[in-house]
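Below is one structure, written out as structure tokens, with a few remarks after it.
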Amino acid sequence: MSFRSTLILLNVIALVLILAFLAWRILSVRRNPGTKVPENLGDGHSDEQLEGPRLERALGTSLIFVLVVALALPLYFVFEPGRQTRALDGFDERAVERGATLFANNQMPGYDPTKSLLCANCHGVDAQGGAAPWVLQPELDKCDDVENKSNAAVPECLPQQVAWAAPALDTVLLRFDPEQVARILVWGRPGSPMPAWGVESGKGVLNSQSINDLVAYLESIQITKEQAQARSTKVAVQYRQDAASNLKSQQQLLADARAALAKAQAGGTAAAVAEAQVKVDTQAAVVASAQKWADQVAAMSEGEVLFRTNCARCHTKGASYFDPNNLRLPTPPSPGSGAFGPSLTDGSTLLQFPGQAGVQLQYNWVAVGAPENEGYGVRGVSSGQMPHFENLLTEKQINAIIAYERSL
Ligand code: HEC
Ligand code: HEC
């Protein structure tokens, strides 16, 4: 039985006892009316009686009562601040719990089918990042023509299913402050798979308390600055390794396809040979693309790799779903040419952060940022939407990125 129901039960028992006692008193007086003179109608007590044990009893109970008050008040004074803190902690804990339920998917302990919003499906059960399904609409002018629309013979005009990288959220409060995260949750990221969740946006269902619960949950799972920096470094190393190992596995697939072709040529039907030949040709094209990509990555400066792993998702269109093996994707635009964040190319950062002094200004902006509506660089005004990187990258890494940006 919970503490609450025990208390209720005790109160009910006490109430029943009091009622029973009153009933018994009333009934017993009614049954034997004459036997006892009511005290206020009797002769009262003599002075000796009053000042004897009776007085002592009255004084004794008063003393006990005073002692209780004298002890209880200081105890209350001592324990009240602690109780308040515990109440606040309890409040925070419950907010985190509610946030965990909102975040969860069915592989997580907090999952509740009627409440959970499945953030984990895109951002990962451990909130270390994941991928979101996204349908890429064709943008070529010729795809506006009726005869090319949904025409399988013009594959570049078919909508494409891609996987859009969803960022890790166990570092999100190292790059944004809680109000900025709340704003992202309310409004989502238009033009990306991240939906708007807040009622305030007119598109979501969450009130500000639920938004705050989600932020509280995210705060509770943040890793440390050191861990985040170690991760950024690892991700950059991984980026190079992935390009090389992708090339290897695509080459293996090509070798397999060639072996299958040889086998078909040795004893298969003409149709089987033709089919195997198509597979070889397609895979050869993928290998060429993977090769080009691996060469490109191998030649990248450290600053460029770090730009691609930290900044490109906002500053280069298509960076979140780039895949060197997918030949149907439109050719990616040049790095830093703008998407959610502005273009950094054609020397635009040199205009915003001019000269040698500009390097420091640019560092301040990328590392620390500026509060919403305040200026940065020469004529920049912060919208409070760009994350900041002093907790995620080392000074050296930020400087490498800045040098790269200034060369764009
Ligand atoms: C359908 C997939 C999907 C779901 C569901 C989803 N997100 Fe996202 N979220 C994304 C993607 C993709 C991005 C990155 C968008 C971009 O590239 O600009 C993102 C971005 C974010 C960001 C900004 C992080 C940053 O560094 O830019 C936050 C915070 C966030 N999501 C929190 C949540 C929370 C909390 C939920 C659940 C209420 C949620 N997301 C549900 C896909 C999703
Ligand atoms: C979540 C998206 C996002 C990411 C990630 C991001 N930025 Fe930005 N960036 C923006 C937005 C949005 C702006 C425009 C300024 C504003 O709205 O406050 C901006 C502006 C800038 C500017 C100023 C451009 C100008 O000419 O005014 C620079 C420089 C910049 N970002 C560099 C970086 C670097 C370096 C990184 C990675 C280390 C990065 N950004 C990562 C969104 C992003």
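Please treat every number below as a calculation from the coordinates, not as lab data. Keep in mind that this is a model prediction, so the values were computed, not measured. All Cβ positions, even for glycine, are placed from backbone atoms using ideal geometry, and neighbour counts span all protein chains on display.
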Rounded to the nearest 10, the angle in degrees between the Cα long axis of helix 270-298 and the longest principal axis of the Cα atoms of the chain comes to 70 degrees
HN-Hα couplings for region 331-336 via Karplus (6.51, -1.76, 1.60; θ = phi - 60°), in whole Hz with x for Gly/Pro, come out as 4, x, x, 5, x, x
Subtract the Cα-Cα distance of residue 255 and residue 238 from 0.36 nm times their separation in residues, and report this length gain in nm to one decimal. 3.6 nm
When the Karplus curve 6.51 cos²θ - 1.76 cosθ + 1.60 is applied with θ = phi - 60°, which whole-Hz ³J(HN,Hα) does each residue of region 144-150 get, with x for Gly and Pro? 6, 5, 4, 5, 8, 5, 6
Check each of the GluC sites (Glu not before Pro) in region 372-408 and keep only those in coil by DSSP with at most 15 other C-beta atoms within 10 angstrom; list them in order. 372, 374
Measure nothing but the geometry: give the 0 to 90° angle between the long axis through the Cα atoms of 355-367 and the longest principal axis through the Cα atoms of the chain, rounded to 10°. 50 degrees
Grab the beta carbon distance between residue 26 and residue 75, set R0 = 41 Å, and tell me the FRET efficiency rounded to 0.05. 0.55
For the chain, what relative contact order do you get, as a whole percent, if you take Cα pairs closer than 8 Å and at least 6 residues apart? 11 percent
Residue among 268, 358, 42 with the largest mean-square fluctuation in a Gaussian network model of the chain, springs linking Cα atoms under 10 Å: 42
Within region 375-408, find all residues whose amide N lies under 14 Å from a label point positioned 7 Å from the Cα of residue 350 along Cα-to-beta-carbon. 403-408
Full-stretch length increase - residue 179, residue 3 - with 0.36 nm per residue and alpha-carbon distance subtracted: 59.6 nm
When each of 115/203; 142/248; 234/396 is checked by Cα-Cα distance, pairs over 27 Å: 142/248
How much length would be gained if the chain were fully extended between residue 54 and residue 245, taking 0.36 nm per residue of separation minus their Cα-Cα distance, in nm to one decimal? 59.0 nm
Taking a crude spin-label model, label points 7 Å out from Cα along the C-beta direction, the residue 146 to residue 282 distance in nm is 3.2 nm
Whole-Å distance, taken between Cα centres, linking region 170-191 and region 340-370: 22 Å
Relative contact order, percent, region 1-156 [alpha-carbon distance under 8 Å, six or more residues apart]: 7 percent
Decide, for region 337-408, between rounded, prolate and oblate: order the square roots of the alpha carbon gyration tensor eigenvalues as a ≥ b ≥ c, take rounded if a/c falls under 1.5, and otherwise choose prolate if a/b is larger than b/c, else oblate. rounded
Furthest towards positive pole of dipole, 38, 264, 235, structure part the chain, Cβ charges: 264
Note, residue 157: beta-carbon cut-off 14 Å, +1 each Lys/Arg, -1 each Asp/Glu, net -3
Hey, what angle do you get for helix 225-267 against the long axis of the chain, alpha-carbon based, 0 to 90 degrees rounded to 10? 50 degrees
For the chain, which cysteines have no disulfide-compatible partner, meaning no other cysteine Cβ under 4.7 Å? 119, 122, 311, 314
